[in-house]
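Have a look at the structure below, then the notes.
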Amino acid sequence: MKVLVTGGGGFLGQAVCRLLTARGEHVSTLSRRRHPALDALGVVQHPADIRDPDGVRAAVAGCEAVVHCAALAGMWGPAHAYRSVNVAGTANLIDACLRAGVTRLVHTSSPSVVHDGGDLEGVDESAPYARRFLAHYPASKAIAERIVLAADSDRLATVALRPHLIWGPGDPHFLPRLVAQARRGRLVLPRAPGKRIDTVYVGNAAEAHVLALDALAPGTPAAGRAYFITQDEPITVAAWVNGLLGAAGLPPVTRHVPACVARMGAAAVEYGYWLARPRSQPPVTRIAAVQATTSHWFDISAARRDLGYVPRISTADGLARLAAHLSAHAGRPDDDRAGRPPVPPIQP
Ligand SMILES: NC(=O)c1ccc[n+]([C@@H]2O[C@H](COP(=O)([O-])OP(=O)(O)OC[C@H]3O[C@@H](n4cnc5c(N)ncnc54)[C@H](OP(=O)(O)O)[C@@H]3O)[C@@H](O)[C@H]2O)c1
């Protein structure tokens, strides 16, 4: 099978590429930069911007299936940046798939598409899209998911996966920031008694994408549907954060503030950055404070039933793998974007 993975050099995309190449698929990727770790896997890299229709068409030509991981992630930046990459880029990809006769499109969405700031406890995919969003990223992901699912047809089967809070070896996002803040002694957790979240280990999230690819064809149960993908092990934010810190060889967070203080403080910091330093990402955002003080865990029965998804790597096993990875790399979290050497191969 010839599969294109957009964003194949990213955190999740690279783990998907590893699984696909390990089982002998012909894998190519689309992203703006070359990713040396993909060369080692024998992956063909198409340097293109997802916003450029011609570049996307060239990358999709000759492929049978597409896994769409590319996105502008993060919770800071102008709305148009999120819309152009996450919405217009996804529309470009669907158009290219239809022109090239691609029959399967697996889209990486996000559970944030249903999170409006309230508690989500064990909800399934019948939960409606949020009516208001606390950041441009989830708003853009919600539109992208809708257009992917609306594109499902006899010619092109589509499915959207909503992996929640991906973590593990190779994380260039949350873990490096968490570790940096912990080393500066700046970590404070909001008190959120009774609130639980779910997350997903990167290897499990990647496996869900491969399972979705296999389960997808026009008219199959997965076609035109969205699925939550998690560990199915709801835990407190403190347990998750302290687990990650422990894997990095750091002590747990001991300082706590009331939830309302965390939310008001984050709003004040965000407002200050918006006024004075709009190009810099604040150390804490409103959406992060809301996510840290609400429950958001999901019923993944549909993914188990339709995709055969099982979170094979437990949270405890994942943390052990992360600890081994970090200690093999001198305890430094991976971030090839910070001018460090390319991220070495990882075991999803
Ligand atoms: N990480 C999470 O916790 C999480 C949770 C839920 C959903 N997701 C979703 O999972 C997917 C992968 O996320 P990730 O954490 O792996 O993010 P990531 O590491 O930032 O990977 C995203 C990739 O997209 C590529 N990309 C970004 N803008 C592009 C553009 N304009 N044109 C072409 N390629 C572009 C980037 O490659 P280049 O820089 O080389 O272009 C990057 O490697 C995203 O769709 C994200 O929304 C992530």
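The values are calculated or read from the model by the stated rules, or taken from the named source; none is laboratory data. Computed from a predicted model, the values in this text were never measured in an experiment. Cβ: placed from backbone, ideal geometry, glycine included. Neighbour counts: every protein chain shown. These area figures cover heavy atoms from the full protein model, side chains too; ligands, DNA and RNA do not enter into them. Shrake-Rupley method; radii C 1.70, N 1.55, O 1.52, S 1.80 Å.
Before moving on, here are some points about what is shown:
- Projecting the Cα atoms of Phe133, Leu245, Ile300 onto the charge dipole of the chain, computed from C-beta unit charges around the Cα centre, puts Leu245 farthest toward the positive end.
- Surface analysis of the chain yields an accessible area of 43 Å² per residue, using protein heavy atoms and a 1.4 Å probe.
- 11 Å beta-carbon shell around Val114, net charge (K/R +1, D/E -1): -1
- Calculated [222 nm] ellipticity per residue, helices only, for the chain: -11500 deg cm²/dmol; basis is -39500 (n - 2.57) per DSSP H run with n ≥ 4, divided by all residues, nearest 500.
- About its Cα centre, region 2-338 has a charge dipole of approximately 1040 debye under the convention of +1 per Lys or Arg Cβ and -1 per Asp or Glu Cβ, with nothing else charged.
- Computed in the context of the full set of protein chains, the accessible area of the chain at 1.4 Å probe radius has 55% of its extent on carbon or sulfur.
- Radius, Kirkwood style, for the chain when every pair of distinct Cα atoms is counted (Å): 20.4
- Ordering of 132-139, 79-86 by burial proxy (mean other Cβ atoms within 10 Å per residue, highest first): 132-139, 79-86
- In the chain, the DSSP beta bridges split such that about 5 percent are antiparallel, to the nearest 5.
- Dipole of the chain, positive end: most advanced residue of His329, Ala217, Ala15 [Cβ charges, Cα centre]: His329
- Between Pro258, Pro311, Pro176, the Gaussian network model of the chain with springs among Cα atoms under 10 angstrom shows the greatest mean-square fluctuation at Pro258.
- Note, ³J(HN,Hα) from phi for region 150-161, Karplus 6.51, -1.76, 1.60, rounded to Hz, x at Gly and Pro: 5, 7, 4, 7, 5, 8, 10, 7, 10, 8, 10, 10
- Acute angle (nearest 10 degrees) that the helix 315-328 long axis makes with the longest principal axis of the chain, alpha-carbon atoms: 90
- For the listed peptides 207-216, 34-43, a ranking on the average number of other beta carbons within 10 Å per residue, highest first, reads 207-216, 34-43.
- Ser327 accessible area, 1.4 Å probe, all protein chains in place, Å² to nearest 10: 90
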